[in-house]
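First the structure, in the form of C-alpha cells, and then the observations on it.
The values are calculated or read from the model by the stated rules, or taken from the named source; none is laboratory data. Every value quoted in this text rests on a predicted model; they were computed, and no experiment measured them. Every residue, glycine as well, gets a Cβ built from its backbone with ideal geometry; the counts of neighbours run over all protein chains shown. Calculation scope for accessible area: heavy atoms of the full protein, side chains included, ligands and nucleic acids excluded. Shrake-Rupley method; radii C 1.70, N 1.55, O 1.52, S 1.80 Å.
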Amino acid sequence: MADNKYVYLWKNEGDGSMRNLLGGKGANLAEMTRLGMPVPQGFTISTEACTRYYDDGKLIGADIEAQIVEALAQTEEINGKKFGDPQNPLLVSVRSGARASMPGMMDTILNLGLNDEVAAGLIAGNSDPKFARFVYDSYRRFIQMFSDVVMELSKKRFEDIIETVKEKKGVKQDIELDVDDMKELVSRFKAFYKEEKGVDFPTDPKEQLFEAVQAVFRSWDNPRANTYRRMEGIPYSWGTAVNVQPMVFGNLNLNSGTGVAFTRNPATGEPGLYGDYLINAQGEDVVAGVRTASPISELQDTMPEVYDQFVAIAQKLEDHYRDMQDMEFTIENGTLYMLQTRNGKRTAASALKIAIDLVAEGVITVEEAVLRVEPKQLDSLLHPQFEVKALKSAVPIAKGIAASPGAASGRVVFTADDAKVWFAKGEKVILVRKETCPDDIEGMQVSRGILTAIGGKASHAAVVARGMGVCCVAGCSEIKVNYEAKLFTVGEKTVKEGDYISLDGTSGQVYGEILPSVEATISGDFETFMKWADEYRTLKVRTNADTPRDTAKAVEFGAEGVGLCRTEHMFFEGDRIKAMREMIVARDVESRKKALAKILPLQQGDFEAMYVELAGRPMTIRFLDPPLHEFLPTQPAEIADLAKDLGLSAQELTQVVSSLHELNPMMGHRGCRLSVSYPEIAEMQTKAVIRAAIAVNKAHPDFNIVPEIMIPLVGEIKELAYVKKTVTETADAEIKAADVDLKYLVGTMIEIPRAALIADEIAKEAEFFSFGTNDLTQMTFGFSRDDAGTFLDAYYDAKIYEEDPFGTLDQKGVGKLVKMAVELGRQTRPNIKLGICGEHGGDPASVEFCHNIGLNYVSCSPFRVPVARLAAAQAAIRTREA
C-alpha cells in the first residue's frame, strides 16, 4: 500500500485523461498546465485517497500524509513561496473535485495558511492601509470558512457577528468596513471559535491543511452531495479528489478581480463569451451576489490586455475540449490566472443548439453530438419550468419525491370533486391527497399539479401524472393532510383550501406561494437532433397510454406504438363506473354479463379512437388488472348513495365492499385471477378489442392492425392457458362472424418473479412478453411501491441502496430475472416479441440495460418518449464503440 501513488503535481504528473483519478477539476488543471496556460501550480490528492480515507475509518494514512507533505514542498519550490513563512507565505485554496461535476455540492476553503504571524508579515512588506485591510479581510474569510466547513460551526453566528460590527459602525455593506473593523472581526471570530470548541483556532498551517483535506473528503458524504448523486446516478464508490492550489487574490486592489465565464451562452447556446466579473473581489463574492457583477465584455474597457488574453485562452480551451467551457479566473494586480475549466452545465435548449452548431462548425460528428445531450434534460423542454430568478429567491416549505416533471402553481383542493368544481369556475388547482387512487382520475385530469403525502416514483399518482404530463410531487411526508378540515400542515405552517402553492416536479420542492413559470417550447433544433438520434437507435420506443389524447401526444413525441394500454382507467369515466359497479355486485353470471354489455361499446369506442391515432402502429392492451374493491366507495355516505343507484340496501352494499376487502390487495384477487373467477370480463374485453380492430381496419385498410392482448399477473402456465382459451374462442368467433382475415397476438405481463423463473414454459402459450417492472420490482424486493418512500431514505443514508429501485431498474436482482426470462422465452419461442412497460422504460440507465439484453422495445409515459429515444440511441452507439 505504501508504494501506491495518491498525490499528483499538475506540472508534470497529470493530464486531462486522468479524470477518474484526479477528478474533473484536477485533470483539467493539469491539462491547462500542459497547454501552457497561466495556472497557479498546485497538486491533487486522488479519488483513491478518498476511498482509502473511508476504508481506513475516516483517517488519512501516514503514507498519504507523507506524499501530501512532499507535494507541498515541491509546490513551494515551484511558486517561490513557503507555507507558514511570515516573510514570504504560500496561501492555498482547498477544493473538492469529483470525476462528475457536482457544482456546489461539496466544500471549499480559501486563504488557508493564514495566522497572526503570517498576516503581520504580509502587512510589514506593504505599508498601504488598503493592503492591510485586504490581508485582514482574507484572514476573517478564512476563519469563517474553516470554522463552517471544517469544524461545522454555525455559519449564521459568524454572519451575526459581522452584522453587529456593521451596526456598531453604522454601515450597511461589508466593503464599508475598514482595516480596524476587519481586525475586530478576526478577534471576535477567534473568540467565538474558542467559546464553541474549547480550544484556540488552529495556527499551524499544516494542521489547517490536513483538517481541510479531511473536511473535503467528509463532504463527499454530506446530505446534499448524497441527494445530488442519487439524482444524477453518480456512484458513491467514485469518491472525490482534493485540489490544493496557491491562492491568487482578486481582492488585492482595484487592478485585481475575479469572474466566471462561458464560451457560449449556457441558457440559449448562442456563441460568444458570456459571464460576469467583479473588481477587487474573491470568487465567493461573484457566486454569493454580494455585489453586482459586470458583464465580461466590460473587461475589454477596464483591462484590455487581460481581456484579449482571456478571449484567446477561452477559444483555445473550447477548441481543445471541443465543447462549451465554463471557466473561473482571477486577475491579481493585472496578471490573469486560470483557476478552473470544465464542460459547462447548460439548459436542454442550449445543449441541443450547441451540439448542432458544433456539428455545423465541423468540430464534432453527428454521433458525438448525440452522445453530448443528457437524455433526462429533454424533460425540461416538454414541460413548463419556473423562472430561474424566481426560484433563486423562493424558499421551499417542503420537499417530496420528484415524480413527474414540470412547474405548477394553483389553489389547493383536497378532493377530486372539488378540483372539478374549482376548475369549472376557471381556477387553476393543485390537488393535494394523502395518496391518490383510480377514483381521483377526473380530478387529476383538471389539476395543474398533484401533491401526495405518501407514495413514490411508481405510485398511482406518479404513474398517472406522468402519463398526463401533469406536474407531481409524491411522498412528501413532511405534510400532514387533514381532509375534514380541508387543510394540510407542514411544520408550523398551515395551508388551507384555496391557498396558493407551487410545485416543482423536477426537483420535488413545494413552495407556499405563486411562482412565475415559463411555458415549454420545442424548437427546430429538437426535431433535427431527435432525427439524428433515431438514425442510431435500434430499440423501439412505445408509450403507456389509456386515452386517445395521451396516444396522440405520444405519437407527436415519436412513439412507435402503445406498449401498455391500462383498460381499467377507462372504467372510471362517466356512466362506465356505474356499469362496472353493477357488474361487481351482480349475484350471477347473467347479471354480470348484462352489466358488462353496457361497458362493451364504450370500451370498443376507446380502442377505435386510439387505433386511429396510432395509424397502424401496434398497441398492447392489458386486460383488467386492479382488484375490484378499487371501483367501490369506502365512506358510509358514498356507500348509501351508490346503494340507492344500484337498487340495494346500504347494508347489502356494505357487505359486498367488506367481502372484497383484502389484507394485501396488490397480491390478491386481481389481474388474470379476475378472469379465472369471472371469464365474462375477459370475454367482454376481447370482443371490444377485436371489434375495434375490425372496424378501424375496414375504415383504414392500410393500417393492417394486429391486436396485442395482454393477460396480466400470470405466474403459472395453466393460468395463462385458461384465460387464453376464453380470449381465443371469443376472438375467433368475432372474426368468423365478421368474415374478415384478422391476425392477433396473446401474450402476458411478466411481473411475478415465478413467471420469470418459468418463462420457458409460459412462452409455450405467450406470443409476447411485456415486463411489468413496477410490480416485478415490488415483488422481488418485497417493497410496497406506495409505502417504500417512507423508509428508503434510511437505506440511502446507510448506503444500503444508492438509488430508488422504482426509479432506476435494479440490474443485479430484478434485471437478472428479466434477462433470465428473455433467454428462457427465446429458447421456447425464438421470435417472441419482448418489451418493458414499467416506469423504468423512461429511465436512461434502464433503457440502456434493455438495449443490452436484446429487448425489442421499451414503453414509457408520453412525455418521456423523447428521453427513451435518445437513451436508446446512446446505448446503441456505446455498444458499437465497445
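What ranking, highest mean first, results for peptides 842-854, 354-366 when packing means the other Cβ atoms within 10 Å averaged over each residue?
On the way: 842-854: 22.2, 354-366: 16.9.
Highest to lowest by the protection proxy: 842-854, 354-366.
Starting from a Cα-only point model with no solvent, please compute log10 I(q)/I(0) by Debye for the range 460-533 at q = 0.14, 0.25 1/Å. The computed values of log10 I(q)/I(0) come out as -0.62, -1.28. Distance from the C-alpha centroid of the range 515-554 to that of the range 303-329: 36 Å, rounded to the whole angstrom.
Extending 7 Å from Cα along the Cβ direction at Glu176 and again at Val363 yields two label points whose distance is 4.5 nm. Under the convention that each Lys and Arg Cβ holds +1 and each Asp and Glu Cβ holds -1, the size of the dipole of the range 343-388 around its Cα centre is about 120 debye. Residue-normalised convex hull volume from the C-alpha trace of the range 695-753: 79 Å³ per residue. What's the center-to-center distance, using Cα atoms, between the range 735-814 and the range 566-605 in Å? What the calculation gives is 27 Å, centre to centre.
A simple packing score, the average count of other Cβ atoms within 10 Å per residue, orders the peptides 633-640, 746-753 as 746-753, 633-640, with the highest score first.
Rg(Cα) of the range 316-383 divided by 2.2 N^0.38 Å?
Numbers: Rg = 14.7 Å, N = 68, 2.2 N^0.38 = 10.9 Å.
Expressed relative to 2.2 N^0.38 Å, the Cα Rg reads 1.35.
At a 10 angstrom cut-off on C-beta neighbours, averaged per residue, how do the peptides 227-238, 678-689 rank from highest to lowest?
Details: 227-238: 15.8, 678-689: 22.8.
Result, highest mean first: 678-689, 227-238.
Modelled spin labels at Glu207 and Lys594, positioned 7 Å past Cα toward Cβ, are 9.1 nm from each other. Per residue, the chain exposes an accessible area of 41 Å² to a 1.4 Å probe, with every protein chain left in place.
Would you work out if the chain is rounded, prolate or oblate? Take a ≥ b ≥ c from the square roots of the eigenvalues of the alpha-carbon gyration tensor; rounded if a/c is under 1.5, else prolate when a/b is larger than b/c, oblate otherwise. The partial results should precede the final answer.
Details: a/c = 2.41, a/b = 1.99, b/c = 1.21.
The shape class here is prolate.
Working out 0.36 nm times the residue gap between Asn852 and Glu159, then minus their Cα-Cα distance, what length gain in nm do you get to one decimal?
Numbers: separation 693, 0.36 × 693 = 249.48 nm, distance 5.34 nm.
Gain on stretching Asn852 to Glu159: 244.1 nm.
Both the radius of gyration and Dmax for the range 25-102 are 14.2, 40 Å, in that order, over alpha-carbon atoms. List the pairs from Lys457/Lys480; Lys172/Lys389; Lys531/Lys812; Lys376/Lys540 whose alpha-carbon separation is above 28 Å, in the order I gave them. Going by Cα-Cα distance, Lys531/Lys812 fall outside the 28 Å limit. Rounded to the nearest 0.05, the FRET efficiency derived from the C-beta distance between Asn255 and Thr879 at R0 = 51 Å is 0.40. For the chain, what % of the accessible area comes from carbon and sulfur atoms, probe 1.4 Å? Looking at the chain in its full context, I get 50 percent from C and S.
Comparing Cα centroids, the range 140-160 and the range 649-692 end up 63 angstrom apart.
If you take the beta carbon distance between Lys345 and Lys725 as r and set R0 to 51 Å, what does 1/(1 + (r/R0)^6) give as a FRET efficiency, to the nearest 0.05? The computed FRET efficiency comes out at 0.35. Placing a label point 7 Å from the Cα of Thr528 along the Cα-to-Cβ direction, the residues of the range 855-874 whose backbone N falls under 19 Å of that point are 870. In the chain, helical runs assigned H by DSSP with n ≥ 4 each contribute -39500 (n - 2.57); averaged across all residues and rounded to the nearest 500, the mean residue ellipticity at 222 nm is -14000 deg cm²/dmol.
When the alpha carbon coordinates of the range 220-329 are projected onto the principal axes, the ranges are 47, 32, 25 Å, largest first.
Just in the range 394-444: which trypsin sites (Lys or Arg not before Pro) are loop by DSSP and have at most 12 other Cβ atoms within 10 Å? Write out the running numbers ahead of the final one.
Working: sites: Lys399, Arg411, Lys420, Lys425, Lys428, Arg433, Lys434; in loops: Lys425, Lys428, Lys434.
Filter output for the range 394-444: Lys425.
Of the GluC sites (Glu not before Pro) in the range 408-486, the ones in a loop by DSSP (not H, G, I, E or B) with at most 13 other beta carbons within 10 Å are Glu484. Available extension along the chain between Thr335 and Lys496 is 52.1 nm, counting 0.36 nm per residue and deducting the alpha carbon span. Here Lys687 is the anchor, and the lysines within straight C-alpha reach of less than 26 Å, apart from those fewer than 8 places off in the same chain, are Lys578, Lys593, Lys594, Lys598, Lys698, Lys718, Lys724, Lys725, Lys736, Lys743, Lys764, Lys833.
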